[in-house]
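S.K.: Following this message is one structure expressed as structure tokens.
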Amino acid sequence: MIYLAVSALYKDRSCKEMMTALRISYISDEEGVEKVLADIRDYNPSCQLLHVIEGGTRTDLSDIHEHFKDYRLVLDGLEGVNWWFEYNQGILDFFEVYNTLESIRRVVRK
């Protein structure tokens, strides 16, 4: 399944400034979203689930990431981690409007 979460993050390694970011990620149905988010909250208690898209694959996730590539965050010390995105109303609206896997695939696989 694919999920969208919101969280506070440090802007850089100095840990002086915080920002709000969106996390678009994938977890297997067996793992369960609540277990994964509980694990994330152990080191980031501000993380909150916004949307869950049932089903989906890592390919679907890659397609969504590509669709929002202009909003991807490159975080100091987390190079190569590609699931964090700017807090952006367009991303929030996307998950609100396209709330099924089929509708998302129609948009991101054009």
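Taken together, the values in this text are just the output of simple stated rules run on the coordinates, not laboratory data. All values derive from a computational prediction rather than experimental measurement. Glycine also receives a Cβ, built like all others from the backbone with ideal geometry; neighbour counts cover every protein chain displayed.
S.K.: Under a 10 Å cutoff between Cα atoms, tell me which one of 17, 66, 54 has the largest fluctuation in the Gaussian network model of the chain.
M.R.: 17
S.K.: How would you rank 68, 94, going from fewest to most other Cβ atoms within 10 Å of each one's own Cβ? Before the final figure, lay out each step's value.
M.R.: Details: 68 17, 94 21.
In order of increasing Cβ crowding within 10 Å: 68, 94.
S.K.: Placing +1 at every Lys and Arg Cβ and -1 at every Asp and Glu Cβ, with all other atoms neutral, what dipole size does the chain have around its Cα centre, in debye to the nearest 20?
M.R.: Rounded to the nearest 20 debye, it is 260 debye.
S.K.: Same structure again: Ignoring everything except DSSP H segments at least 4 long, calculate the 222 nm mean residue ellipticity for the chain; use -39,500 (n - 2.57) per segment, divide by total residues, nearest 500.
M.R.: It comes out at -10000 deg cm²/dmol, rounded to the nearest 500.
S.K.: Now for a different question. Let me check the size of the chain from its C-alpha atoms; what are the radius of gyration and Dmax in Å?
M.R.: My reading of the Cα-based Rg and Dmax gives 13.7, 42 Å.
S.K.: Could I ask something else about it? Nearest 10 degrees is fine. How inclined is helix 33-43 to the longest principal axis of the chain, computing both from alpha carbons?
M.R.: On a 0 to 90 degree scale, this one is about 10.
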